[in-house]
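Structure record follows, encoded as structure tokens.
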Amino acid sequence: MKTIAPLPDDTQDLPPFKQLTAQEALALREQNPSASPWLVVLVQMLVGLVVALAAWAWSGKQNVGWSAGYGALAVVIPAAIFARGLTGRFSSLNAGTAAVGFLLWEMVKIAVAIVMLAIAPKLVPGLSWPALLIGLILTMKVYWVALAYSPKRKTKLVTGVTR
């Protein structure tokens, strides 16, 4: 026989959980939009291109530009794989598959990034590690920019939703 632990005293006064209808769930999603992972990948690509061109222009050396660009690619390609995995059909079946999918695709993203960094000396002639790291870091910082400029919650009350 299983015994269920009682709720803490401070939660006894809360109203009971109410399951949302399809319309209420849709209205809640419209009130709280989420940022598209593909938009983040696109902005990362643009930042990587700008960093590579700036490194090339600043140093006057083509290999420095290629190194910075490859550092950006070491972020963009794994992020695109991760975004594809998260937006796939099976990733949203239920909460369990979503959590396992997130962890799986995060591990794939990290592994691809490590492999890309390991083979960088073979792919980029005259590799400049400082330029590669600058390209990698600046492109990776796009995540923080995306978080700062993510879609804001709409404050408009939606009719028909009761809480």
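Where a number appears in this text, it was derived from the coordinates with a stated rule and is not lab data. Everything quoted here is computed from the prediction, not taken from an experiment. Every residue, glycine among them, receives a Cβ derived from its backbone with ideal geometry; neighbour counts consider all protein chains shown.
Which value in nm describes the separation of the simple spin-label points at Glu106 and Thr87, placed 7 Å from the Cα toward the beta carbon?
2.1 nm
Taking the number of other C-beta atoms within 10 Å as the exposure measure, put Thr3, Thr87, Thr139 in order starting with the fewest.
Thr3, Thr87, Thr139
What FRET efficiency comes out for Gln23 versus Ala95 if R0 is 25 angstrom and r is the Cβ-Cβ distance? Round to the nearest 0.05.
The pair Gln23/Ala95 has a calculated efficiency of 0.70.
Any idea how far apart Ala54 and Ala118 come out in nm if each label point goes 7 Å out from Cα toward Cβ?
In this crude label model, Ala54 to Ala118 measures out at 3.1 nm.
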